[in-house]
Amino acid sequence: MNQWTREARYRPLSDIAPEVYQAMKEEIRNSPWRFSYHIQPPTGLLNDPNGFIYHDGTYHLFYQWFPLGPVHGLKYWYHMTSKDLVHWFDEGAALIPNDDADSHGAYSGSGFVKDDTVHVMYTGNKRDKDWVRHPSQIVGHLRSDGRIDKHLPPAIPAVPPGYTEHFRDPKVFQDASGIWYCIIGAQRENLTGCAVFYQSVDAETWTFLGELTTQYPDFGYMWECPDYFELDEHGILLFSPQGIIPEGDAYQNIFQSGYLIGEKLILPQLTYHHETFLELDFGFDFYAPQTTLAADGRRILVGWMGLPDISYPTDMYDWAHALTLPRELTIKDGRLHQKPVRELTELRKETIYDQETVLTQSTVLAQAEIFELELSNVSLQTDQFTLNIRASNQEATTLSYDAATQRFTIDRSRSGVDVPATDYGTTRTVQLTQPLHQLRLFVDRSSIEVFLNDGEATASARIFPKSTSQDIMLSGALTASISIYSL
Ligand code: FRU
């Protein structure tokens, strides 16, 4: 992408005449593989979810956005709101990188409610004339017109000693006594990744507390987008480490996101006893997730359904990526389980299949492009079953399960044109801890999200099939309750 010179990447949206931008938007709206029910950018590139927060009847969800092309350039925060986590309203750009402290991007950060107002804390990305990066952490609040006012100068103006310029993505939370904390992703001077904490009484003036000690002193070169929260008396740390080497089924993507689960973090001492790191998603395209508390206390996670440094077929149409569906987190057997939030049943339009099925041979159950499928009470009479979706005689995305090994595999080698990131392989496999009894699948025009055994394992993947590839075909000998809904 040679036209993406440094100058082009850092061009602000305000440089473009409104009618030129309008035409760009129109063209992209009509381009292939646009999503039907996922959050996607109107133009350009979307990456991390940011500032996810519920306040006063409304969910606010922002995302990292470069308006002018499918590349990582000058980042804005784009703002979406929802009453139900299903239908999202476009609120436009909320955070504009037009100050000295964020001159090269309003990078990732989080949302919190203080004084009955939505606040955010994010990383101001600034580069000097020698292209040296100077990150700072900036607090702001959301005005009633949907824009964010920055409280400048930055709350945390510089990187503390011992860390490099890779110091970003503050996630703010409050403890039971009302003290504010924020966790920030960092790279130590010895080029290993970690997370550090700050503390505050007013969420405006912050004091450095120190580094979180984990059993992972040397685990990748940078930890992006850390998130700490408590669920059912456990302390959970999510982060996206970079530079992890593949190991068996794990870490098969360019970068991964995962979690540590353990006892509650002791603050402000930063003592944390935890289990081993586990990946959150065994699919192809998932990164930088962020969580928030729902109105009723559920812990909800949204991720970026994409990865840094990978090209995708929509790049040629000047847009890239989407957010995942929101997932509810629970803990079972000491592990996180992830289920699509229950509100998502609202997406269902028509029931196109709904039967207790006894299958003995390959069967096309239905045809659909954009749908949800659920298999429950699955009982296999053979060793394997295979589910082909978005299938035709030229292409298919193949999900298969092997009962002998309890392994579930997604194969996107024949998913359509230009399968992304083939250097990292075209299949992903997960080892289940119990036989497969339930599967839920959400398919959009260019994505699949799979949830196995009521959330024991989850996978997200982008696929780029022809819109006419619509067969849903099941093979194997099995009985199951099967429902398919158009969405
Ligand atoms: C993760 C990330 C963050 C950063 C943002 C910039 O994908 O690299 O660390 O804040 O994206 O867009």
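The values are calculated or read from the model by the stated rules, or taken from the named source; none is laboratory data. Computed from a predicted structure; not experimentally measured. Positions of Cβ are generated from backbone atoms using ideal geometry, with glycine treated the same way; all protein chains shown enter the neighbour counts.
Select, from Ile96, Ile53, Ile39, the only residue that is among the aliphatic types (A, V, I, L, M) and farther than 24 Å from Leu344 by Cβ. It would help to see each step written out before you state the result.
On the way: Ile53 fails: farther than 24 Å from Leu344 by Cβ; Ile39 fails: farther than 24 Å from Leu344 by Cβ.
Answer to the selection: Ile96.
Would you say Gly185 is within 16 Å of the ligand (Cβ to nearest atom) and part of a loop (DSSP other than H, G, I, E, B)? Step through it out loud before you land on a result.
Numbers: within 16 Å of the ligand (Cβ to nearest atom): yes; part of a loop (DSSP other than H, G, I, E, B): no.
So Gly185 fails the test.
I need the full set of residues from the stretch 236-255 which are within 16 Å of the ligand (Cβ to nearest atom) and assigned to a loop (DSSP other than H, G, I, E, B), in order please.
Gly243, Ile244, Asn253, Ile254, Phe255
For Met24, which of the numbered conditions (1) of a type in the set (A, V, I, L, M); (2) farther than 17 Å from Asp315 by Cβ; (3) surrounded by 14 or more Cβ atoms within 10 Å (Cβ to Cβ) fails to hold?
(2)
When you go through (1) within 16 Å of the ligand (Cβ to nearest atom); (2) among the small types (Gly, Ala, Ser); (3) surrounded by fewer than 23 Cβ atoms within 10 Å (Cβ to Cβ) one by one for Gly262, which number turns out not to apply?
Status for Gly262: all satisfied but (1).
Could you tell me whether Gln434 is at pLDDT 95 or above, surrounded by fewer than 19 Cβ atoms within 10 Å (Cβ to Cβ) and part of a loop (DSSP other than H, G, I, E, B)?
Numbers: at pLDDT 95 or above: yes; surrounded by fewer than 19 Cβ atoms within 10 Å (Cβ to Cβ): yes; part of a loop (DSSP other than H, G, I, E, B): yes.
So Gln434 fits the description; yes.
Here is a yes/no grid of residues against (1) more than 11 Å from the ligand (Cβ to nearest atom); (2) hydrophobic (A, V, I, L, M, F, W, C); (3) without any contact (Cβ under 8 Å) to a residue 40 or more places away in the chain:
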{"residue": "Gly44", "(1), (2), (3)": "yes, no, no"}
{"residue": "Tyr54", "(1), (2), (3)": "yes, no, no"}
{"residue": "Leu61", "(1), (2), (3)": "yes, yes, no"}
{"residue": "Gly69", "(1), (2), (3)": "yes, no, no"}
{"residue": "Tyr76", "(1), (2), (3)": "no, no, no"}
{"residue": "Ala93", "(1), (2), (3)": "yes, yes, no"}
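Does Thr123 qualify as being assigned to a strand (DSSP E or B), within 16 Å of the ligand (Cβ to nearest atom), among the β-branched types (Val, Ile, Thr) and over 15 Å from Cys182 (Cβ atoms)? Spell out the reasoning first.
Details: assigned to a strand (DSSP E or B): yes; within 16 Å of the ligand (Cβ to nearest atom): yes; among the β-branched types (Val, Ile, Thr): yes; over 15 Å from Cys182 (Cβ atoms): no.
No.
Pull up the stretch 126-155, narrow it to residues that are of a type outside the set (Gly, Ala, Ser) and free of Cβ contacts under 8 Å to residues at least 12 places away in the same chain, then point me to the one that is farthest from the ligand (Cβ to nearest atom). Show your work before the answer.
Applying the first criterion (of a type outside the set (Gly, Ala, Ser)) to the stretch 126-155 yields 126-135, 137-139, 141-143, 145, 147-154.
Then keep just the ones that are free of Cβ contacts under 8 Å to residues at least 12 places away in the same chain; that gives 128-131, 143, 145, 149.
Values: Asp128: 18, Lys129: 21, Asp130: 21, Trp131: 16, Arg143: 23, Asp145: 24, Asp149: 20 Å.
Looking at residues that are of a type outside the set (Gly, Ala, Ser) and free of Cβ contacts under 8 Å to residues at least 12 places away in the same chain, I get Asp145.
Considering only residues of the stretch 195-218 that are more than 18 Å from Val113 (Cα to Cα) and crowded, with 17+ Cβ neighbours inside 10 Å, which is nearest to the ligand (Cβ to nearest atom)?
Restricting attention to the stretch 195-218, the residues satisfying the condition of being more than 18 Å from Val113 (Cα to Cα) are 195-197, 207-218.
When the remaining residues are screened for being crowded, with 17+ Cβ neighbours inside 10 Å, the result is 195-197, 209, 211-212, 214, 216.
On the way: Ala195: 12, Val196: 14, Phe197: 17, Leu209: 21, Glu211: 18, Leu212: 17, Thr214: 19, Tyr216: 18 Å.
Here the answer is Ala195.
Evaluate the stretch 269-279: report whether one residue or more is on the phi < 0 side of the Ramachandran plot, within 16 Å of the ligand (Cβ to nearest atom), assigned to a strand (DSSP E or B) and in contact (Cβ under 8 Å) with a residue 40 or more places away in the chain.
No; the residues of the stretch 269-279 include none that is on the phi < 0 side of the Ramachandran plot, within 16 Å of the ligand (Cβ to nearest atom), assigned to a strand (DSSP E or B) and in contact (Cβ under 8 Å) with a residue 40 or more places away in the chain.
Of all residues being among the β-branched types (Val, Ile, Thr) and within 16 Å of the ligand (Cβ to nearest atom) in the stretch 310-346, which is farthest from Gly69 (Cα to Cα)? Just the residue, please.
Thr324
Can you name the residue in the stretch 326-350 that is among the polar types (S, T, N, Q) and closer than 18 Å to Ser257 by Cα and, of all such residues, is surrounded by the fewest Cβ atoms within 10 Å (Cβ to Cβ)? Show your work before the answer.
Within the stretch 326-350, the subset among the polar types (S, T, N, Q) is 330, 338, 345.
Filter once more, so that each one left must be closer than 18 Å to Ser257 by Cα: 330, 338.
Working: Thr330: 15, Gln338: 23.
By that ranking, first place goes to Thr330.
Check Gly283 against each of (1) without any contact (Cβ under 8 Å) to a residue 60 or more places away in the chain; (2) away from the ligand (no atom under 16 Å from the Cβ); (3) under 15 Å from the mean Cα position of the chain (by Cα) and name the one condition it does not meet.
Failed condition: (1).
How about the stretch 440-487: which strands (runs of 3 or more DSSP E) wholly inside it have at least 1 residues that are at pLDDT 95 or above and more than 21 Å from Thr429 (Cα to Cα)? Show your work before the answer.
On the way: elements: 447-452, 457-462, 471-475, 478-486.
Answer list for the stretch 440-487: 471-475, 478-486.
Quick one: in the stretch 159-187, which of the residues that are farther than 20 Å from Gln269 by Cα and in contact with a Phe, Trp or Tyr (Cβ under 9 Å, 6 or more places away or on another chain) is surrounded by the most Cβ atoms within 10 Å (Cβ to Cβ)?
The extreme case among them is Asp169.
Could you tell me how many of the residues in the stretch 95-116 are of a type in the set (S, T, N, Q) and free of Cβ contacts under 8 Å to residues at least 40 places away in the same chain?
Step one: filter the stretch 95-116 for residues of a type in the set (S, T, N, Q), giving 98, 103, 108, 110.
Next, only the ones that are free of Cβ contacts under 8 Å to residues at least 40 places away in the same chain stay: 103.
The total comes to 1.
Quick one: in the stretch 417-431, which of the residues that are closer than 12 Å to Ser311 by Cα and either part of a loop (DSSP other than H, G, I, E, B) or touching a residue at least 24 places away in the same chain (Cβ under 8 Å) (or both) is farthest from the chain's Cα centre (by Cα)? Let's see the steps before the verdict.
Step one: of the stretch 417-431, the residues closer than 12 Å to Ser311 by Cα are 418-423.
If we keep only those that are either part of a loop (DSSP other than H, G, I, E, B) or touching a residue at least 24 places away in the same chain (Cβ under 8 Å) (or both) too, we end up with 418-421.
On the way: Asp418: 22, Val419: 20, Pro420: 17, Ala421: 18 Å.
So, considering only residues that are closer than 12 Å to Ser311 by Cα and either part of a loop (DSSP other than H, G, I, E, B) or touching a residue at least 24 places away in the same chain (Cβ under 8 Å) (or both), the one farthest from the chain's Cα centre (by Cα) is Asp418.
Mind listing just one residue for me: the one in the stretch 286-309 that is of a type in the set (A, V, I, L, M) and surrounded by fewer than 19 Cβ atoms within 10 Å (Cβ to Cβ) and, of those, farthest from the ligand (Cβ to nearest atom)?
Of all residues in the stretch 286-309, those of a type in the set (A, V, I, L, M) come to 288, 293-295, 300-302, 305, 307.
Imposing the further condition that a residue be surrounded by fewer than 19 Cβ atoms within 10 Å (Cβ to Cβ) reduces the set to 293-295.
Details: Leu293: 22, Ala294: 24, Ala295: 27 Å.
This residue is Ala295.
Identify all residues within the stretch 168-181 that are assigned to a strand (DSSP E or B) and either more than 23 Å from Ala288 (Cα to Cα) or under 20 Å from the mean Cα position of the chain (by Cα) (or both); write none if there are none. Talk me through it step by step, then tell me what you get.
Here is the first cut: in the stretch 168-181, the ones assigned to a strand (DSSP E or B) are 168-174, 180-181.
Passing the criteria: Arg168, Asp169, Pro170, Lys171, Val172, Phe173.
Would you please list the contacts, defined by Cβ atoms under 9 Å and residues six or more apart or on different chains, that run from a residue in the stretch 1-30 that is within 14 Å of Gly73 (Cα to Cα) to a residue that is of a type in the set (Lys, Arg)?
These pairs meet every condition: Tyr10/Arg127.
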